[in-house]
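These notes are about the structure you will find just below.
The values are calculated or read from the model by the stated rules, or taken from the named source; none is laboratory data. What you see is a predicted model, and the numbers here were worked out from it, not measured in a lab. A quick note on method: Cβ atoms are made from the backbone with ideal geometry, for glycine too, and the neighbour counts reach across all protein chains shown. To get the accessible areas, we keep the full protein, side chains included, count just its heavy atoms, and leave off ligands, DNA and RNA. Shrake-Rupley method; radii C 1.70, N 1.55, O 1.52, S 1.80 Å.
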Amino acid sequence: MTRSDRFKEKFEFFADALMPGPYQCFLCDEEDMIGDDGLCDDCRAKLKYYPNPTCLAPLDDITVGLQYSENIGSAVMRFKKSGQKEYAGFFTQYLSVPKEWQADILVPVPMHPVRKWMRGFNHTELLAAYLSSAVNIPYSTRLLFKTRNSAEQKTIKDPAVRRRNIRGSFTCDPRVKGLRIVLVDDVFTTGATVYECAKVLKRAGASKVYLSAVTSPAH
Ligand SMILES: [Zn+2]
């Protein structure tokens, strides 16, 4: 192998490493007809937007982007469990913060530090960071904390047990007083977690607590 062959081989390696791979649909891995939204025509046609979610106190209002489906569920798993961080940008396009909320700050639903350390990142922090630059509202990970490492909500079916499991798991900074806060989450299921977050924030004097979530199964 000549010196120039070796150079070429090296260069090609770098070219391959730097070139983005073929674009794939975020939901089915199809490589054809991918739009700016990261979806193929088929998946886009099947996508269902979420109807008006029901909001109960202490939350003041909720927006949910997509109706939950098997495809969406496995995309969420790729994002939070397999650490495919490119899903943050994909999911953020389905998060919204209505103007009338007059939100002061976005707050990701916190993860216990031990779990975050084990997983390497908190996916809701990434969503909040992306959403923050999309809607031009700051976000903070220093206002709400998960201080008790409760069992994962997903593993519990009974809503009453879910509520008990999460009770007393969060604390917040007194600086939340008077703020209009938007909680950012991926999946809104029974809401036990976000209602508990809202309760803690309201007790500390937050003036409004909203939720912006990517997806939710039909309620
Ligand atoms: Zn697709």
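Overview of values
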item: Qualifying residue in segment 102-114 (condition: away from the ligand (no atom under 16 Å from the Cβ), within 25 Å of CYS25 (Cβ to Cβ) and assigned by TED's automatic domain parsing to the domain that holds ILE166); result: no
item: Segment 42-77: number of residues that are under 16 Å from THR124 (Cα atoms) and either surrounded by fewer than 15 Cβ atoms within 10 Å (Cβ to Cβ) or in contact with a Lys or Arg (Cβ under 9 Å, 6 or more places away or on another chain) (or both); result: 2
item: Subset of segment 110-154 that is out of contact with any strand residue (DSSP E or B) (no Cβ under 9 Å at 6 or more places or on another chain) and aliphatic (A, V, I, L, M) - its residue that is nearest to LYS80 (Cα to Cα); result: MET118
item: Residues located in segment 78-101, provided they are under 14 Å from LEU183 (Cα atoms) and loosely packed, with under 12 Cβ neighbours inside 10 Å; result: none
item: Complete set of residues in segment 145-161 that are open to solvent by less than 30 Å² (accessible area, probe 1.4 Å) and within 16 Å of THR189 (Cα to Cα); result: GLN153, ILE156
item: Output for segment 173-219, where each listed residue is of a type in the set (D, E, K, R) and in contact (Cβ under 8 Å) with a residue 40 or more places away in the chain; result: ARG180, ASP185, ASP186, LYS199, LYS202, LYS208
item: Considering residues of segment 114-144 that are touching a residue at least 12 places away in the same chain (Cβ under 8 Å) and open to solvent by 80 Å² or more (accessible area, probe 1.4 Å) only, the residue nearest to ARG175 (Cα to Cα); result: ARG142
item: Residue list for segment 26-41, restricted to those being more than 7 Å from the ligand (Cβ to nearest atom), within 20 Å of the chain's Cα centre (by Cα) and open to solvent by less than 60 Å² (accessible area, probe 1.4 Å); result: PHE26, ASP37, GLY38
item: Residue in segment 45-61 that is among the hydroxyl-bearing types (Ser, Thr, Tyr), more than 10 Å from the ligand (Cβ to nearest atom) and at pLDDT below 90 present; result: yes
item: Members of segment 3-25 that are at pLDDT 60 or above and open to solvent by less than 100 Å² (accessible area, probe 1.4 Å); result: ASP5, GLN24, CYS25
item: Any pair with Cβ under 6 angstrom, 6 or more apart, that starts in segment 35-50 at a residue that is of a type outside the set (Gly, Ala, Ser) and ends at one that is more than 10 Å from the ligand (Cβ to nearest atom) and at pLDDT 90 or above; result: LYS48/GLN67; TYR50/VAL64; TYR50/LEU66; TYR50/GLN67; TYR50/SER216
item: Segment 175-194, residues that are closer than 24 Å to ALA151 by Cβ and open to solvent by 40 Å² or more (accessible area, probe 1.4 Å); result: THR189, THR190
